[in-house]
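**Student:** Here's a structure for you.
The values are calculated or read from the model by the stated rules, or taken from the named source; none is laboratory data. Quick caveat, the model's predicted, so the values are computed rather than measured. No Cβ is skipped: glycine too gets one built from the backbone with ideal geometry, and neighbour counts run over all protein chains shown.
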Amino acid sequence: MKKILIIEDDDFLLGLESKKINSSGYEVIFAQTGEDAMNKILEKDISIILLDLLLPNYDGFEILKKIRETEATKSIPVIIFSNLAEVKDRDKALALGATEVLIKSNFSLEEVIEHINKLVK
Amino acid sequence: MDDIQKIKDENEKLKMMNENKSNLIFISAHQIRTSLSALKWILKMFSNKELGDINSEQKDYIEKAISSNERIISIVNNLLSLNHSDETCLTLNLKQVNFPNILEKIIFEFSGETKNKNINIVYNKAETLTPEIKCDEDMIIVVLQNLIENAIKYSFNDTTVTISLTNNSNSELEMSVHNQGIGIKDEDKMKIFDKFYRAKNAIEKDTNGSGFGLFSTKSIIEKHNGKIWFESSKEAGTTFFITLPIS
């Protein structure tokens, strides 16, 4: 079973995302802070990362930068999944190496899973 | 000298107030979107019967709740764009963008809606076109979404929506969106861009509109020194036109 790391600080959204993604055939690993996220990416064999942008301590941009700078993690697909919806946020994320940027309120979880499936295959 | 310093200080204060206002809106919008996302996903789970069986009446109500939630998401997006277009805002986030690229993406995003109503979208792009304009991309996306969504929403089933893009004689970018739909009645024509105004036949066709879309669309276009107008009749449907300066 392929592993997906969800980096999300909102417990409620994390619960919904995990349930749906898990039922679509992925093993869900989660992290709620930047430090925890980096440890888990390095420890586990992660196939894809779903990354929120507004997080405590280190924000999603910093985590993304760190992922792309680290040899062992730099080629893992990262989907930014956030409600920061301005073009400048999207451009910044893409410039830092995000694979895709999806706005939470504009996507159903089914659509998110379609994106995940395409990137993992 | 004191007077100049006083004006400078006042200016700084205003800038700070404006920044605080923008931050407040930014945080509120993020929180609202987060709640709406959760609601969207939960309702979808109910609708898909992932949380247990539901009867047809329950399904019907859940679909209405989904539609209502989508409407609120759309209002939040519109309000945010309008906040950016507020006169008190310091500057627009202007940059050089390729207009047809944005337009084509938005047309693609509506392919699900057009399929549901069996509407054919015809897209005519002038062969010689200066495609680059300087604009706030976020706002222009809202304009295009509003115009195309309205064209589809108020079309009759099995008809065509025609979107044309050209440079006009004033060397502006001119786009028109034509539908074969319910049309705008004469008594509504003067008020169609008013905030929260909705024509009676529009309410009958779609109860979920906010009456905010065309108001924000007009505000955004005018903020970009562009123009917006329409032609409409019961027989021919409606065409909305917008122009935007090239540079």
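**Student:** Among the residues of the range A:74-94, how many are within 14 Å of chain B (Cβ to nearest Cβ) and out of contact with any helix residue (DSSP H, G or I) (no Cβ under 8 Å at 6 or more places or on another chain)?
**Tutor:** Summing the residues that are within 14 Å of chain B (Cβ to nearest Cβ) and out of contact with any helix residue (DSSP H, G or I) (no Cβ under 8 Å at 6 or more places or on another chain) in the range A:74-94 gives 5.
Here's the yes/no breakdown for (1) of a type outside the set (Val, Ile, Thr); (2) over 19 Å from the mean Cα position of the chain (by Cα); (3) under 16 Å from B:Ile242 (Cα atoms):
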residue: B:Ile121; (1), (2), (3): no, no, no
residue: B:Cys135; (1), (2), (3): yes, no, yes
residue: B:Leu147; (1), (2), (3): yes, no, yes
residue: B:Phe156; (1), (2), (3): yes, yes, no
residue: B:Ser164; (1), (2), (3): yes, no, yes
residue: B:Met175; (1), (2), (3): yes, no, yes
residue: B:Gln180; (1), (2), (3): yes, yes, no
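**Student:** Could you give every pair whose Cβ atoms fall below 8 Å, whose first residue belongs to the range A:47-62 and is touching a residue at least 12 places away in the same chain (Cβ under 8 Å) and farther than 17 Å from A:Ala95 by Cβ, and whose second residue is surrounded by fewer than 17 Cβ atoms within 10 Å (Cβ to Cβ) and of a type in the set (Ser, Thr, Tyr), counting only separations of at least 6 or pairs across chains?
**Tutor:** A:Leu55/A:Thr33; A:Pro56/A:Thr33; A:Asn57/A:Thr33; A:Tyr58/A:Thr33
**Student:** Which of the residues belonging to the range B:30-83 are in a loop (DSSP other than H, G, I, E, B) and hydrophobic (A, V, I, L, M, F, W, C)? Spell out the reasoning first.
**Tutor:** Step one: of the range B:30-83, the residues in a loop (DSSP other than H, G, I, E, B) are B:48-55.
Matches in the range B:30-83: B:Leu51, B:Ile54.
**Student:** Follow-up. Looking at (1) over 15 Å from the mean Cα position of the chain (by Cα); (2) away from every other protein chain (no Cβ under 14 Å); (3) of a type outside the set (Val, Ile, Thr), which is the only condition A:Asn106 fails?
**Tutor:** It fails just one condition, (2).
**Student:** Here's a follow-up. Which count do you get for residues in the range B:23-62 that are among the aliphatic types (A, V, I, L, M) and either free of Cβ contacts under 8 Å to residues at least 24 places away in the same chain or in contact with a Lys or Arg (Cβ under 7 Å, 6 or more places away or on another chain) (or both)? Walk me through it before giving the result.
**Tutor:** Of the residues in the range B:23-62, the ones among the aliphatic types (A, V, I, L, M) are B:24-25, B:27, B:29, B:32, B:36, B:38-39, B:42-43, B:45, B:51, B:54, B:62.
Next cut, either free of Cβ contacts under 8 Å to residues at least 24 places away in the same chain or in contact with a Lys or Arg (Cβ under 7 Å, 6 or more places away or on another chain) (or both) only: B:24, B:27, B:38, B:42, B:45, B:51, B:54, B:62.
Matching residues across the range B:23-62 total 8.
**Student:** Going by what's in this entry, would B:Ala29 be described as within 14 Å of another protein chain (Cβ to nearest Cβ), modelled with pLDDT under 90, closer than 26 Å to B:Gly211 by Cα and surrounded by 13 or more Cβ atoms within 10 Å (Cβ to Cβ)? Give the steps one after another, and end with the answer.
**Tutor:** Working: within 14 Å of another protein chain (Cβ to nearest Cβ): yes; modelled with pLDDT under 90: yes; closer than 26 Å to B:Gly211 by Cα: yes; surrounded by 13 or more Cβ atoms within 10 Å (Cβ to Cβ): yes.
In short, yes.
**Student:** Answer yes if at least one residue in the range A:93-100 is touching a strand residue (DSSP E or B) at 6+ places or on another chain (Cβ under 7 Å), outside any helix (DSSP H, G or I) and not small (Gly, Ala, Ser), and no otherwise.
**Tutor:** yes
**Student:** Here's another thing I want to ask about it. Identify the residue in the range B:193-207 that is farther than 16 Å from B:Leu79 by Cα and surrounded by fewer than 12 Cβ atoms within 10 Å (Cβ to Cβ) and, among all such residues, is modelled with the highest pLDDT.
**Tutor:** Among them, the one singled out is B:Lys200.
**Student:** Which pairs do you get when a residue that is without any contact (Cβ under 8 Å) to a residue 40 or more places away in the chain and exposed (fewer than 11 other Cβ atoms within 10 Å of the Cβ), found in the range B:93-122, comes within reach of a residue that is in a strand (DSSP E or B) and not aliphatic (A, V, I, L, M), reach meaning Cβ atoms under 7 angstrom, with the pair 6+ apart or on two chains?
**Tutor:** So the pair list comes out as B:Gln96/B:Glu132; B:Gln96/B:Lys134.
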